[in-house]
1. When the convex hull of the Cα atoms of segment 379-470 is projected onto a plane and the area is averaged over all directions, what value comes out in nm²?
2. Provide, as a two-decimal number, the C-alpha radius of gyration of segment 332-439 over 2.2 N^0.38 Å, N being how many residues it has.
3. For the chain, take N as its residue count and report Rg(C-alpha) divided by 2.2 N^0.38 Å.
4. What is the angle, in °, between the Cα long axis of helix 319-328 and the longest principal axis of the Cα atoms in the chain? Nearest 10 is fine, range 0 to 90.
5. Helix 299-312 against the longest principal axis of the chain: what's the angle in degrees, Cα atoms only, rounded to the nearest 10?
6. If the convex hull of the alpha-carbon atoms of segment 418-467 is projected onto planes in all directions, what is the mean projected area in square nanometres?
7. Nearest 0.05, what FRET efficiency do residue 300 and residue 334 give at R0 = 22 Å with Cβ-Cβ as r?
8. To the nearest 0.05, what FRET efficiency results for residue 18 and residue 73 with a Förster distance of 30 Å applied to their C-beta separation?
Ligand code: ADP
Ligand code: MG
């Protein structure tokens, strides 16, 4: 009945559409191509490894439900990933990772007795540790924004339970790398020679497991499981707010683990003192070890993150696109990654190289239009401050060398950042005609290629314009 993969997938899509917003659908589902439907496996093609990881992280349950309802419970999904090797020979490869079939029990400790789980290779001692192996220290870019958290995390990873950083509490806003960092700690510990039982769990899942344990009358098994781990990583503890019973059991587990020298690592979206819905005695324990925050990444860190991401996806994009993205997306790393993915997806859809034009188009549909905020007045003001010349001098007929250069740069940026015609740009610079503007743009381009100190000034200036515009 499901002989055709196209039909099968388009049925799935119509369900998915109801569940995800327009933007999510455009970005994450439109670029997917169904490849085949064989042996109860629907294979879909995604544009990159990261794309696949993103789907698995954010839409795994949705996909599983949709496959269940549209094809049947015994159907699985497989991904075929297109790798951009940069040489134009993009051969897809297949990752045989079905969606998580143990989601209905939704419960790591119970599934110990369930032999049908998939992630066997990530299990130690019969425990389901559920760490994502792609979160490592190696690919966690260090910057001023995360230095303390990262180095404390690294110290803990080398000597879990032994440093004074116990518990280690990392906090910060969404998308700043908390989950990545704590999972990197877990992965690093597993790489070590000491066999440690590392367990990562989100607070939400912990609470659900506990709830199930009450319902099924096996709280003992639940506690025993947690009391035996050497390293407990518990993500997003703000979720415990207002859940007193869950806090009680966690308090109990916390005390026991701490006393027995096990390492506890936690994350939260805010500092412990602001966790108002948590019991005071729990919060006070959170402060026993080390509390470190993760902040928004600065420009240089964003550049490094983008480069790293592209490198690991095997994709090359021009420096000016990297800079553009780093200027434009300064909120958090997740958003930055989302933009990169949309860009890759867009490029593979329209079969175009990634260039500034495509980056701008992509961003326009996602973030607010930054360019529209850089008006010609703003450009003139910024340039005049930068070169210490007056705005009047930019507009009048002075032919002094520095002023001519400043004027030409201001014209150049007006052309780049505004939608004004050459004629009206000329008009804003003391009524010059459009050929003067063309000449200015050409001169700037030539100097940029040949004169290093000029290039430096231009980059500096562009940074100022962009940074203020966001
Ligand atoms: P949080 O848990 O704080 O909401 P995540 O750990 O989920 O954030 O991070 C969001 C995304 O950003 C992840 O894909 C993560 O790999 C990436 N990321 C965050 N910080 C960094 C960093 N410093 N270097 C590399 N990638 C990062
Ligand atoms: Mg997280």
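Values in this text are rule-based calculations from the coordinates and carry no lab data. Just so we're clear, the structure is a prediction, and the values are computed from it rather than from any experiment. Every residue, glycine as well, gets a Cβ built from its backbone with ideal geometry; the counts of neighbours run over all protein chains shown.
1. 5.4 nm²
2. 1.33
3. Working it through for the chain, the quotient is 1.18.
4. 70 degrees
5. On a 0 to 90 degree scale, this one is about 70.
6. Orientation-averaged projected area of the Cα hull: 3.9 nm².
7. 0.70
8. Working: r = 20 Å, r/R0 = 0.68.
Computed FRET efficiency for residue 18 and residue 73 comes out at 0.90.
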